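Coordinate-derived values only; no laboratory data. None of the values given here were measured: they were computed from a predicted structure. No Cβ is skipped: glycine too gets one built from the backbone with ideal geometry, and neighbour counts run over all protein chains shown.
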Amino acid sequence: MGRPKQFDPDVAVERAMEVFWSKGYAATTPQDLVDALGIGKGSLYNAFGSKRALFELSLRRYRDREARALIGMLEEGGPVKERLRRALRFLAEMDLADPARRGCMAVNVAAELGGKDEEAVEVVRRMFDRTEDGFRALIEEGQRSGEIAAGRDARSVGSLLLNTVIGLRLMARVVDGPERLDRVIDAVVDGL
């Protein structure tokens, strides 16, 4: 009879995600992961194979959780512009409330590994695509309801909104308060 696992792999991925999110991929050591997960190095490698494999699982976990939450907010009922404003403000407030000011893990990975690690970039790209598609769908809904001008290209506006989110999440790492972020959000939403 084999030894029972001493840890929950799902919890381990969640904890590893927090470490990678805080430190970045390159700065995270296997010892950092062992300490955060509360397991030995042997168990870490037996369960996940490598730091790299655990990083990919962590990044996918982040992508799935964050994209699902944002898309869920965009799909809630109510006026389209108010849903958009609420979703953008939620992201800004969440980032500002984080004492470590980690920002968005996907944006951080794009900045750290873009041009160096195609597999990680592909995970981020898929998250960005999913987010942009959610924005495009919201814009199309707003066009059908008459809230947003029918002449606007929904795909281009979706790209603009994705770019806005990336900028907001990066800016939230360094601003002192919400004022600048609120101005950006209001200018973008009111301009639709």
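Pick out which of I71, I39, I139 has the largest mean-square fluctuation in a Gaussian network model of the chain, springs linking Cα atoms closer than 10 Å. Among I71, I39, I139, the largest GNM mean-square fluctuation belongs to I39.
Can you tell me the 0 to 90 degree angle between the C-alpha axis of helix 9-23 and the longest principal axis of the chain, rounded to 10? Helix 9-23 and the main axis of the chain meet at about 70 degrees. GNM on the chain, alpha-carbon springs under 10 angstrom: the most fluctuating residue among R85, R155, R144 is R144. Dividing the summed helix terms, -39500 (n - 2.57) for each DSSP H run of n ≥ 4, by the number of residues in the chain produces a 222 nm estimate of -24000 deg cm²/dmol to the nearest 500. If you run the Gaussian network model on the chain, springs between alpha carbon atoms under 10 Å, then out of V123, V175, V165 the most flexible one is V175. In the chain, a dipole from Cβ-located charges (positive for Lys and Arg, negative for Asp and Glu) runs towards its positive end, and of Y25, F48, S58 it is F48 whose Cα lies farthest in that direction. Could you work out how far the C-alpha centroid of region 169-192 sits from that of region 97-142, in angstrom? After rounding, the separation between the Cα centres reads 17 Å.
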